[in-house]
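J.: Pasting in a structure now, in structure tokens, and then I'll have a few things to ask.
The values are calculated or read from the model by the stated rules, or taken from the named source; none is laboratory data. Keep in mind the model is a prediction, meaning the values are calculated, not measured. Please note: Cβ atoms are built from the backbone with ideal geometry, for glycine as well, and neighbour counts cover all protein chains shown.
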Amino acid sequence: MDENRTVALIVAAGNGTRMGGGIPKQYRQVGGVAVIARAFDALAAHSGIDAVHVVTGAGQESLLRAALGEGRRPATITPGGATRRESVKAGLEAIAATPPARVLIHDAARPFLPAPVIDRLLAALGEAPGAVPTLPVVDTLVRAEGGTLGDSVDRAGLARVQTPQAFHFDTILAAHRGWQDDAEPTDDAQVARAAGHAILAVPGDTMLEKLTHEADFAAAEARLGVAMTSRVGMGYDVHAFSDGDHIMLCGLKIPHSHALAGHSDADVGLHAITDALLGCIADGDIGSHFPPSDARWKGADSGTFLQHAASLVAAQGGIIDHVDLTIICEAPKVGPHRDAMRAKIGELLGLPIGRVSVKATTTEQLGFTGRREGMAAQAVASVRMPIA
């Protein structure tokens, strides 16, 4: 067991489609981003979490990979079971191959996960084998049978339980392995308590409300719409030609009479978009995140840079709406590769191709690009960000 490692387990094996849309709710979009992708980004962006593992339903792997952006969000995936408990146990067993010290078990249908909740959960694991976020019950509670109100229920000592629920990994794995009750537990804390473990309650957050009904999705969309503002970032990049037989452009290997010189793979298109996204969050430029002096980035795939910038946007609650790239060169011809470039950029950013624009122009044989000494690219990105 790695005493310093924490893994997040997202449970996304449900098949419920009662809200419409033809797909399970975890794959529906809120503010242009899949519900599960929002949950994933919140967990992956937290410095206390080392890896994210997802349990998916039978036949849902393609939906999951599409929602996570086909490689943009690196998750290990395990097929779930017929019940939530079976799905959680399957995920825990998969993680047990390289057991961490701690695990956070989170429902995919809770996409808005504030970092302070994770902070409180991890801190609580220093005192107890498990912790859950809770909210006080503030509404009046009554029994209702046959449409008629009955006796009131005392709210004292009652709390609403949320996820993620945090545990010492060996504790919750053993508890799930030892579960004997025929009834399904309502959550993982119940499984841990049944095994004799004390579970701490930490303050939850109203942002963690579960998306269950159509009205929940409408409220989430309205909350994002009211609380966000549009930002535009610009990026520009230049690389000189050098000896070689191909260039990397927008993530594609394109045959050419020369290569592009650079410390990484010198992909001017992806570099320009990366800087545009960093501009949207006012977080420096590509050189400040990936210094050319650092040997780790020698020959690096520029898709890594782009996905890093996208993850920083997501970590701040941002939504990438559109990217527009202009490639400036005399050769090679961009037209034959345009749609493949758009598709690749969309794959890296988790965007549909209709929100990615790639254009090309020449400088009428003027300047360094006109003399075929190199290639340039400029990009504009449109992003919605929470109002600070």
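J.: Please find, within region 91-131, the residue that is surrounded by the fewest Cβ atoms within 10 Å (Cβ to Cβ) out of those that are within 30 Å of His213 (Cα to Cα) and more than 22 Å from the chain's Cα centre (by Cα).
T.: Kept after step one, since they are within 30 Å of His213 (Cα to Cα), are these residues of region 91-131: 91-92, 103-121, 130-131.
Checking which are more than 22 Å from the chain's Cα centre (by Cα) leaves us with 130-131.
Values: Gly130: 27, Ala131: 24.
Ranking the candidates gives Ala131 first.
J.: Considering only residues that are assigned to a loop (DSSP other than H, G, I, E, B) and touching a Gly at 6+ places or on another chain (Cβ under 7 Å), look in region 330-361 and name the one that is farthest from Ser230 (Cα to Cα). It would help to see each step written out before you state the result.
T.: To start, the set of residues in region 330-361 that are assigned to a loop (DSSP other than H, G, I, E, B) comprises 330-334, 350-352.
Filter once more, so that each one left must be touching a Gly at 6+ places or on another chain (Cβ under 7 Å): 330, 350, 352.
Numbers: Glu330: 34, Gly350: 19, Pro352: 19 Å.
The qualifying residue farthest from Ser230 (Cα to Cα) is Glu330.
J.: From the list Val161, Val202, which one is without any contact (Cβ under 8 Å) to a residue 60 or more places away in the chain, among the aliphatic types (A, V, I, L, M), touching a strand residue (DSSP E or B) at 6+ places or on another chain (Cβ under 7 Å) and surrounded by 14 or more Cβ atoms within 10 Å (Cβ to Cβ)? Walk me through it before giving the result.
T.: On the way: Val202 fails: without any contact (Cβ under 8 Å) to a residue 60 or more places away in the chain.
The unique qualifying residue is Val161.
J.: Let me ask something else about it. For region 226-265, what are the residues that are without any contact (Cβ under 8 Å) to a residue 60 or more places away in the chain and touching a helix residue (DSSP H, G or I) at 6+ places or on another chain (Cβ under 9 Å)?
T.: Matches in region 226-265: Met248, Gly262, His263, Ser264, Asp265.
Residues are listed down the side, and each one gets a yes or a no for (1) under 26 Å from the mean Cα position of the chain (by Cα); (2) surrounded by fewer than 18 Cβ atoms within 10 Å (Cβ to Cβ); (3) in the same structural domain as Asp119 (by TED's automatic domain parsing):
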{"site": "Thr206", "(1), (2), (3)": "yes, yes, yes"}
{"site": "Glu221", "(1), (2), (3)": "yes, yes, no"}
{"site": "Gly233", "(1), (2), (3)": "yes, no, no"}
{"site": "Asp245", "(1), (2), (3)": "no, yes, no"}
{"site": "Cys250", "(1), (2), (3)": "yes, no, no"}
{"site": "Lys253", "(1), (2), (3)": "no, yes, no"}
{"site": "Asp265", "(1), (2), (3)": "yes, no, no"}
{"site": "His271", "(1), (2), (3)": "yes, no, no"}
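J.: Taking the condition of being touching a residue at least 60 places away in the same chain (Cβ under 8 Å) and in a helix (DSSP H, G or I), how many residues in region 208-225 meet it? Outline the logic, then answer.
T.: The first filter runs over region 208-225 and keeps only residues touching a residue at least 60 places away in the same chain (Cβ under 8 Å), leaving 208-214, 217, 220-221, 224-225.
Narrowing the set further to residues that are in a helix (DSSP H, G or I) leaves 208, 214, 217, 220-221, 224-225.
The total comes to 7.
Table: residues versus (1) of a type in the set (A, V, I, L, M, F, W, C); (2) touching a helix residue (DSSP H, G or I) at 6+ places or on another chain (Cβ under 6 Å); (3) on the phi < 0 side of the Ramachandran plot.
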| residue | (1), (2), (3) |
| --- | --- |
| Asn4 | no, no, yes |
| Lys25 | no, no, yes |
| Gly48 | no, yes, yes |
| Ala58 | yes, no, yes |
| Pro74 | no, no, yes |
| Arg85 | no, no, yes |
| Ile95 | yes, no, yes |
| Pro100 | no, yes, yes |
| Phe112 | yes, yes, yes |
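J.: Which condition number in (1) in a helix (DSSP H, G or I); (2) buried (at least 16 other Cβ atoms within 10 Å of the Cβ) is the one that Gly287 fails?
T.: All conditions pass for Gly287, except number (2).
J.: Another question about this same structure. State which residue is surrounded by the fewest Cβ atoms within 10 Å (Cβ to Cβ) when the search covers only region 315-339 and only residues that are aliphatic (A, V, I, L, M) and over 27 Å from the mean Cα position of the chain (by Cα).
T.: Keep residues of region 315-339 that are aliphatic (A, V, I, L, M), which gives 315, 319-320, 323, 325, 327-328, 331, 334.
Now drop any that are not over 27 Å from the mean Cα position of the chain (by Cα), which leaves 327-328, 331, 334.
Values: Ile327: 25, Ile328: 23, Ala331: 14, Val334: 21.
Of everything passing the filter in region 315-339, Ala331 is surrounded by the fewest Cβ atoms within 10 Å (Cβ to Cβ).
J.: Are there any pairs, at least 6 apart or on different chains, whose C-beta atoms fall under 8 Å, with the first in region 353-379 and more than 25 Å from His322 (Cβ to Cβ) and free of Cβ contacts under 8 Å to residues at least 60 places away in the same chain and the second assigned to a helix (DSSP H, G or I) and β-branched (Val, Ile, Thr), and if so, which?
T.: Thr363/Thr369
J.: Return the residues of region 133-143 that are surrounded by 10 or more Cβ atoms within 10 Å (Cβ to Cβ) and over 27 Å from Ala115 (Cα atoms); say none if nothing qualifies.
T.: Step one: filter region 133-143 for residues surrounded by 10 or more Cβ atoms within 10 Å (Cβ to Cβ), giving 133-137, 141-143.
If the condition is that a residue be surrounded by 10 or more Cβ atoms within 10 Å (Cβ to Cβ) and over 27 Å from Ala115 (Cα atoms), then Leu141, Val142, Arg143 are the ones that fit.
J.: What are the residues in region 186-198 that are β-branched (Val, Ile, Thr) and surrounded by fewer than 21 Cβ atoms within 10 Å (Cβ to Cβ), if any? Please lay out each step first, then the result.
T.: Just the residues of region 186-198 that are β-branched (Val, Ile, Thr), to begin with: 186, 191.
The one that is β-branched (Val, Ile, Thr) and surrounded by fewer than 21 Cβ atoms within 10 Å (Cβ to Cβ): Thr186.
J.: Residues in region 1-38 that are at pLDDT 95 or above and closer than 18 Å to Ala66 by Cα: how many?
T.: Total satisfying the criteria: 2.
J.: Of the residues Glu373, Glu347, which single one is of a type in the set (Asp, Glu), within 28 Å of Ser257 (Cα to Cα) and at pLDDT below 95? Walk me through it before giving the result.
T.: Details: Glu373 fails: at pLDDT below 95.
Only one candidate qualifies: Glu347.
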